[in-house]
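Novice: Take a look at the following structure, please.
Each reported figure results from applying straightforward, stated rules to the coordinates on display, with no laboratory input. Keep in mind that this is a model prediction, so the values were computed, not measured. Reconstructed Cβ throughout: ideal geometry from the backbone, glycine too, with neighbour counts over all protein chains shown.
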Amino acid sequence: MEENKSNEFKKSNAKRFLDAYNDIDYSLKTRYNFNRSMGFSDLIRKTVSLNYIIRKYEDELIDYGRLRNAIIHNNNENFIIAEPHEQVVNEIEHIRKLLTTPPKALDTCAMTNVLVTSAEKSMREVIILMAQSNFSNIPVYKGNELIGVANGQKILTAFGQYMLSGGKCSAFLDNVQIEDMLSTLQDSKYFVVKDSNCTIEEALREFNENHKLLAILFTRHGQINERALGIMTGRDVTTAQKILESY
């Protein structure tokens, strides 16, 4: 009798697995407004394109959906007929943690001492600022509004094009303002602004879906007329992935 009471208080591997499985199922259906009756495998396949974590663990989650059906009898979670391995339980609990309590990019992988410059600065001043700071992406503000991100490679390309058109080096450096260069960019998808609650998963999805993306700027509410609280660039992607692995 005492042994039975002890077993009641000890959560089995099967119970831990099913709790994590159900939390993942509920979290995804709630977040993406899917029908509650949707099967787990269909749910995973539909969210692959929406969620970096699901894309990363798609095969494992599909397997866990099959395992869930092998663990219980007749869809009755009180009738458990198999116990999953400890490693499997730990893995699905890790995925649940990533999906239900994800780390924020601003708290983990974003640089928070953001260096910014103003729109009227000359190209010479911006280039010197980049050399002194060793930052290749610097947000540019016109007054209180973000108008773009000064990027070292884009500046070099603009400088080359200016010289090819017959322009003089000194004229480009001293007469062209950073605002002028940014206004000539036809593609504005090289930076995005996200709010301070943006998760690592959401940030990684931005980089994965937009290969032209150079930087994500974080502000309190994700508005361009707010102060930059942090910045994440392409070189931070590896760090973000490692944080997710160990989270």
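Novice: Only sites in a loop by DSSP and with at most 16 other Cβ atoms within 10 Å count here; which GluC sites (Glu not before Pro) in the range 101-184 make the cut? Numbers along the way, then the final one.
Specialist: Numbers: sites: Glu120, Glu125, Glu145, Glu179; in loops: Glu120.
Passing sites in the range 101-184 are Glu120.
Novice: Would you grab the residues whose amide H sits under 5 Å from the one on His73? Only those 5+ places off in sequence or on another chain, please, with H modelled 1.01 Å from N.
Specialist: Residues meeting the criterion, in which the H sits 1.01 Å from N, are Phe79, Ile81.
Novice: Also: To the nearest Å, what is the center-to-center distance of the range 118-138 and the range 204-238, using C-alpha atoms only?
Specialist: 19 Å
Novice: Does anyone have the angle between helix 237-246 and the longest principal axis of the chain? Alpha-carbon axes, 0 to 90°, nearest 10?
Specialist: 20 degrees
Novice: In angstroms, what radius of gyration and Dmax does the range 107-246 have, counting Cα atoms only?
Specialist: Just the Cα atoms of the range 107-246 yield Rg and Dmax of 15.6, 53 Å.
Novice: I'd like the orientation of helix 200-209 relative to the chain: the angle between its Cα long axis and the longest Cα principal axis, in ° from 0 to 90, rounded to 10.
Specialist: With rounding to tens, the tilt is 60 degrees.
Novice: Compute the long axis of helix 13-31 from its Cα atoms, compare it with the longest principal axis of the Cα atoms of the chain, and write down the angle in degrees, 0 to 90, nearest 10.
Specialist: For 13-31 against the chain, the angle is about 40 degrees.
Novice: Then there is this: Given the chain, what whole percent of its Cα pairs are spread farther than 29 Å?
Specialist: Working: 14151 of 30381 pairs.
Above the 29 Å cut-off, the chain has 47 percent of its Cα pairs.
Novice: Please give the FRET efficiency for Lys142 paired with Asn210, using the beta carbon to beta carbon distance and R0 = 25 Å, rounded to the nearest 0.05. Write down the numbers at each step before the final one.
Specialist: Values: r = 24 Å, r/R0 = 0.96.
Step by step, r from the Cβ atoms, then E = 0.55.
Novice: From a point 7 Å beyond the Cα of Glu83 in the direction of its Cβ, which residues of the range 16-53 have a backbone N at a distance under 19 Å?
Specialist: Zone members listed by number: 16-21.
Novice: Neighbour counts of other C-beta atoms within 10 Å: give me Met123, Met130, Met232, Met163 arranged from fewest to most.
Specialist: Details: Met123 22, Met130 19, Met232 29, Met163 12.
By the 10 Å Cβ count, ascending, the order reads Met163, Met130, Met123, Met232.
Novice: Using only alpha carbon positions, build the gyration tensor of the range 2-101, then give the equivalent ellipsoid semi-axes as the square roots of 5 times its eigenvalues, largest first, whole angstrom. Display every interim value, and only then the final one.
Specialist: On the way: eigenvalues 130, 40, 30 Å².
Each semi-axis is the square root of five times an eigenvalue, giving 26, 14, 12 Å.
Novice: Another question about this same structure. How high is the FRET efficiency between Ser122 and Thr101 when r is their beta carbon distance and R₀ equals 45 Å, given to the nearest 0.05? Walk me through the intermediate numbers first.
Specialist: On the way: r = 46 Å, r/R0 = 1.03.
Step by step, r from the Cβ atoms, then E = 0.45.
Novice: Same structure again: Once you have the Cα-Cα distance between Arg235 and Asn33, take 0.36 nm times their residue separation minus that, and quote the gain in nm to one decimal.
Specialist: Working: separation 202, 0.36 × 202 = 72.72 nm, distance 3.33 nm.
Separation in residues times 0.36 nm, less the Cα-Cα distance, equals 69.4 nm.
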